[in-house]
Amino acid sequence: MAKQNNGGGVIKQIEVKLEDIFVKKLPALPKGIKEIIVNFGPWIALVALILSLPALLGVLGLSAWMMPGWGYSYRLGYNIAWWISIASMVLMALALPGLFKRKISAWRLMFYSALIMVVYNLVTLNLGSLIIGTGISMYILFQIKSYYK
């Protein structure tokens, strides 16, 4: 008999495990701080996206200019890292309207964006950001999850 899938994919399992860690095992943020994050977080994300666009476009233009002299493996890693970063930014941009409306679907897009940044930090071997940045972002995300329906 085939095993029945009850909607529990790998990402859902990761979400459940992280929620157990960041909500049940770690101390909770004060309610006032959570409300500030939920109210101003979408605006901060919007400003961050707007400010990162010129830098992203500049780096992509710079990479096109410099790539002919770079080795193939370096170019490949560089391209993969930038495309991962772009994917994360796109998910964040798609989440913005729902974040303002406090929809759980928007929260999940931000969660997926954070997971993609884990891959980015692995590809770029940025271990400090992988450990500290991921920990902080996941803690905040899971602390405010209950505000999204």
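Quick notes
- Once the Cα-Cα distance is subtracted from the 0.36 nm per residue extended length, the VAL10 to ILE36 segment shows a gain of 6.2 nm.
- Taking label positions 7 Å along the Cα-Cβ direction at both SER105 and VAL23, the computed distance is 2.0 nm, reported to one decimal.
Bear in mind these aren't lab numbers, they're just calculated from the coordinates by the rules spelled out. Because the structure is a prediction, the values reported are computed rather than measured. Using ideal geometry, Cβ is built from the backbone for each residue, glycine included, and neighbour counts are taken over all protein chains shown.
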